[in-house]
């Protein structure tokens, strides 16, 4: 049975891609945003709704009669929680495109285990790592003791919205940098990121580490400065106003050509004793794939309360279904 979707934040870069994906898939939906003028440009024939995030009745009316809410409204730390609260109030299934760990942690803290399924972080960041871990753990056949997740990206560029969210996330965390390596595959700067929140929800017994692929010299520098890196946060906060001005001068997002040149690889490694299983997920066009993920997840999530993607989706089945190449990007995955 096809679920009817309410898409909030439809006027943003990722929102427009998601609206186009809903239209392409023939899924019944409505689109919402703050600006009537900008809603007119959303690439969908669906009903337009002007939605006031500060007015619960406006959100409730937007969700009336739908099965699931997709939200792309960011930065989520500033604008995301009213939509979560509306989904909880109305018993509506929920997925979003956030990549902000602090927002994710708050959703898990407040709504774990009760009500309709709430599944944050259904974009190109976190679905490949979280589902990759679930597949690797299944292949391992016993409880993992250690889990590493590393992301690497080449080409393309970020949207202004992603830069806003990323700036907020980085300046709010007290990170201790370090070095992380998957021997023979990739080296990374260890940085606490989303899978350190999501993976323990379904693999609670394991030590989880996350990182961003980097040259060897950068990983060595991170290892050396790691003990003092948490004390750099005040400097980041001092520089935040300048960085915010720089972000606002960015283009709204990469061109379709640039998007198509963006390649993301995610390595998920699980270990127990001397046994190890590795899964790699490779994505072309991170934002196009995010739209694909959001739409597919909206139709498939199950469960109750705030969940990691690997709890709400069938990991191997979902990755298999997403493994194709079209105008919205491509995905492939493999056991290494």
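Read-outs throughout are calculated quantities, based only on the coordinates presented, and are distinct from any laboratory measurement. Source: prediction; values computed, not measured. Cβ placement follows ideal geometry from the backbone for every residue including glycine, while neighbour counts extend to all protein chains displayed.
Each label was represented as a point 7 Å from its Cα along the Cα-to-Cβ direction; for residue 41 and residue 143 these points are 5.3 nm apart. Annotation for the stretch 192-217 versus the stretch 40-117: alpha-carbon center distance of 26 Å. Label-to-label distance for residue 274 and residue 336 is 2.2 nm, based on points extended 7 Å past Cα in the beta-carbon direction. Residue separation of residue 50 and residue 316 scaled by 0.36 nm, minus their Cα-Cα distance, works out to 92.0 nm of gained length. Working from label points 7 Å from Cα in the Cα-to-Cβ sense, the residue 181 to residue 201 distance is 3.3 nm.
Counting other C-beta atoms within 10 Å, which of 71, 2 has the fewest, and how do the rest follow? The partial results should precede the final answer.
Numbers: 71 29, 2 10.
The fewest-first ordering by Cβ neighbours comes to 2, 71.
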